[in-house]
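Report on one structure; see the data block that follows.
The values are calculated or read from the model by the stated rules, or taken from the named source; none is laboratory data. For clarity, every value in this text was computed on a predicted model and none was experimentally measured. Every residue, glycine as well, gets a Cβ built from its backbone with ideal geometry; the counts of neighbours run over all protein chains shown. What goes into the accessible areas is simple: the full protein's heavy atoms, side chains included, and nothing from ligands, DNA or RNA. Shrake-Rupley method; radii C 1.70, N 1.55, O 1.52, S 1.80 Å.
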Amino acid sequence: MHSVPTPPVATIETRGLIRRFDRREALSGVDLTVAPGDCLAVFGPNGAGKTTLLRVLAGLLDPSGGTASVAGVSLPGGVSARAQVGLISHHTMLYPALTARENVEFAARLHGLASPRVSAESALARLGVMDRADSPVRVLSRGLQQRVSIARAFVHAPRVVLLDEPYTGLDAVGAAALSDALAELKSDGAALILVTHHLDEGLVLATYVAVMREGRFVRYDRRDAIDAATFSAEYRALVGAVA
Amino acid sequence: MTPPAVTPGVLAAAWTIARKDLTVELRTRAAFLSAAVFTVLAAAIFLYTWDPTAVAAIDLAPGVLWVIFTFSGLLGLNRSFGAELADRAIDGLLIAPISREAVFLGKALANLIFVLGVQVVAIPIVVLFYNLSLGWGAVAAIAGVAVLAATGMVAVGTLFSAMAVNTRLAELLLPVLALPFFVPVVTAAAQATVLVVNGRPLSGALDWIRLLVAFDLVFVAACTVAYPFTIER
């Protein structure tokens with residue numbers, strides 16, 4: 001049984017979090033704590049419950065049991081919780097017929113930002129896609145679409161950032177822009193949860209690392225308490241055991 | 001640094017969503033062109049199957065008009081939430097700090113504008129095909145009835161579009177669910193239109209107008225409240 005290190009202030013906190021789909025339990029008592037400026041990297045095989053965890057924390061799914069809070073708001077927390085969250089998922093959540101600028105500006109308006117256009121352009125510039133701001137999303141490559149999607153998720157400077165395989169489809173430039181943006185958000189005090197299959201990219205940003213299997217954490221450590229090579233070998237053995 | 005945000009109210013958020021939907025439709029014109037072509041084809045088919053010696057144009061035209069409104073409207077309603085499924089744009093809406101009711105009202109408002117746009121095409125076509133002589137007063141009266149009828153139909157249709165969109169048979173399920181609810185609206189609207197086309201004052205159709213207003217009030221409110229329960233939580 002793992003023990004969850006408790007930082008002084010929690011931006012994201014769950015205790016015994018459960019989520020069921022009919023009789024199947026996708027989350028089976030997840031405990032986690034992420035403080036401002038920390039990043040929890042969650043690794044695990046397909047079907048481990050990683051995406052479900054993010055969808056619950058994003059407010060897209062209600063918990064079936066246990067407790068969860070985001071930025072001090074208990075879930076399901078409605079508008080006040082969602083205002084704090086930025087989500088990047090497998091899907092871009094973009095409208096192909098709209099331009100990159102229009103997509104990000106739309107998100108900025110829904111978040112009630114004072115200057116949606118300026119905020120959208122700033123987010124696009126941060127991800128290095130300002131030169132394609134007026135291109136319809138449908139003509140952009142998958143990597144550029146992913147960058148626009150990240151700009152959409154970051155436009156309101158969220159305090160809680162939930163990332164589900166964010167590096168998928170990004171080229172080296174896009175990956176570097178994303179890493180820079182995440183590092184900036186971290187240093188500004190945002191709490192991050194990064195879900196990925198790729199150990200290297202997860203370990204770079206992580207303050208804490210967790211391994212998820214069958215809806216629960218089977219490891220939960222401070223990043224600086226583990227050796228990357230040892231962790232990698234143990235993780236591969238664990239994932240192999242699942243397969 | 002991003003400036004501080006004040007989460008938008010229900011109406012502001014609804015308008016933002018409606019404007020986005022209309023922009024997407026203006027860019028793609030997918031649903032509107034389909035509805036406009038359907039309107040012309042349906043009017044033409046009714047015209048060529050019509051025996052003017054058996055039924056007068058002023059008796060047939062209101063029914064034709066409302067059959068066209070009903071089915072062309074369904075084309076737009078089908079796309080309403082369907083367009084949100086591509087790359088899960090709906091998740092972007094649902095994690096935004098706006099109420100679920102705002103999402104529904106925004107979708108419904110865009111659908112209402114879409115249906116009214118189709119009606120702007122359909123009314124002149126039916127007037128032209130059936131050689132109806134309508135004054136501006138009659139046209140305004142028909143437009144008023146159309147707005148009232150469209151409001152109720154769109155409220156019900158938007159809710160059922162949200163319910164049907166995640167099913168495999170969404171395009172079949174929407175008309176099956178929605179058409180029974182459209183019956184009172186179409187009946188009232190067609191009866192009111194018959195009076196207007198026959199040159200009688202709209203005041204003679206007050207009972208039908210009241211029915212339309214009551215339907216609108218009940219179903220706009222009920223569907224707005226019901227929409228959050230259609231979302232998987």
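Of all residues in region A:147-175, those satisfying the criterion of being crowded, with 24+ Cβ neighbours inside 10 Å and more than 13 Å from chain B (Cβ to nearest Cβ) are A:ARG147, A:LEU163, A:PRO166.
Hey, among the residues in region A:194-243 that are open to solvent by 50 Å² or more (accessible area, probe 1.4 Å) and of a type in the set (Val, Ile, Thr), which one's modelled with the lowest pLDDT? Per the stated criteria, the residue is A:VAL242. Checking each residue in region A:103-134 for being open to solvent by less than 60 Å² (accessible area, probe 1.4 Å), facing chain B (nearest Cβ under 7 Å) and part of a helix (DSSP H, G or I) picks out A:PHE106, A:ALA107, A:LEU110, A:SER119.
Just one of (1) part of a helix (DSSP H, G or I); (2) away from chain A (no Cβ under 14 Å) fails for B:ASP51. It is (1). Counted as qualifying within region B:78-192 are the helices (runs of 4 or more DSSP H) with 1 or more residues that are in contact with a Lys or Arg (Cβ under 6 Å, 6 or more places away or on another chain), namely B:136-164. Looking only at region A:42-56, residues that are part of a helix (DSSP H, G or I), away from chain B (no Cβ under 11 Å) and open to solvent by less than 10 Å² (accessible area, probe 1.4 Å) come to 1 in all. The set of residues from region A:70-81 being under 14 Å from A:LEU192 (Cα atoms) and open to solvent by 10 Å² or more (accessible area, probe 1.4 Å) comprises just one member, A:ALA71. Out of A:GLY86, A:GLY59, one residue alone is in a strand (DSSP E or B), open to solvent by less than 20 Å² (accessible area, probe 1.4 Å), modelled with pLDDT of 90 or more and within 11 Å of chain B (Cβ to nearest Cβ). It is A:GLY86. Screening A:SER149 with (1) out of contact with any helix residue (DSSP H, G or I) (no Cβ under 6 Å at 6 or more places or on another chain); (2) in the same structural domain as A:PRO45 (by TED's automatic domain parsing) gives one miss only, at (2). Is at least one residue of region B:48-64 more than 23 Å from the chain's Cα centre (by Cα), of a type in the set (A, V, I, L, M) and under 30 Å from B:CYS223 (Cβ atoms)? Checked region B:48-64: no residue is more than 23 Å from the chain's Cα centre (by Cα), of a type in the set (A, V, I, L, M) and under 30 Å from B:CYS223 (Cβ atoms). Out of B:LEU77, B:LEU93, one residue alone is open to solvent by less than 10 Å² (accessible area, probe 1.4 Å) and more than 10 Å from chain A (Cβ to nearest Cβ). It is B:LEU77.
A:ALA181 fulfils the conditions (1) modelled with pLDDT of 90 or more; (2) open to solvent by less than 40 Å² (accessible area, probe 1.4 Å) except for a single criterion, (1).
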